[in-house]
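Data block below; observations after.
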Amino acid sequence: MDTLSPPESSLQMHDLEEKLRLLKDRLLLIGKSLVEEKEKNIRELQEIKRDIIILKEDHFRMRELLQRIAEQLMTLARKEELAILQRQLNLFRKT
């Protein structure tokens, strides 16, 4: 049976403690990186949500504007039709 002498077992214990400390440090760094990445993603999502809200508002305003333009075009067409009828009426009156 192999038994380690006290200095060897102490050295192995120290090596294991060092490996454990390094693993713990790595785990903390990974955790910190994950938290930072999550916070970055949350900020980006909030920015995307704000952009979507702005785009929706712009889209709504554009639809309203196009609707008003379409209504005005319909009115203008009627005015032109009336002008044509007026000219025809004037022609009939002259004859």
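Given the rule -39500 (n - 2.57) for each run of at least 4 DSSP H residues, summed and divided by the residues of the chain, what is its mean residue ellipticity at 222 nm, to the nearest 500 deg cm²/dmol?
The helix contribution divided over the chain gives -36000 deg cm²/dmol.
Taking Cα atoms, how many degrees apart are the long axis of helix 6-94 and the longest axis of the chain, rounded to 10 and kept between 0 and 90?
0 degrees
Within the chain, how many Lys pairs sit with Cα atoms under 23 Å apart, leaving out pairs fewer than 8 places apart on the same chain?
Final tally of qualifying lysine pairs is 7.
We did not get these values from a lab; they are worked out from the coordinates using the rules stated. All figures in this text were calculated on a predicted structure; none of them were measured in a lab.
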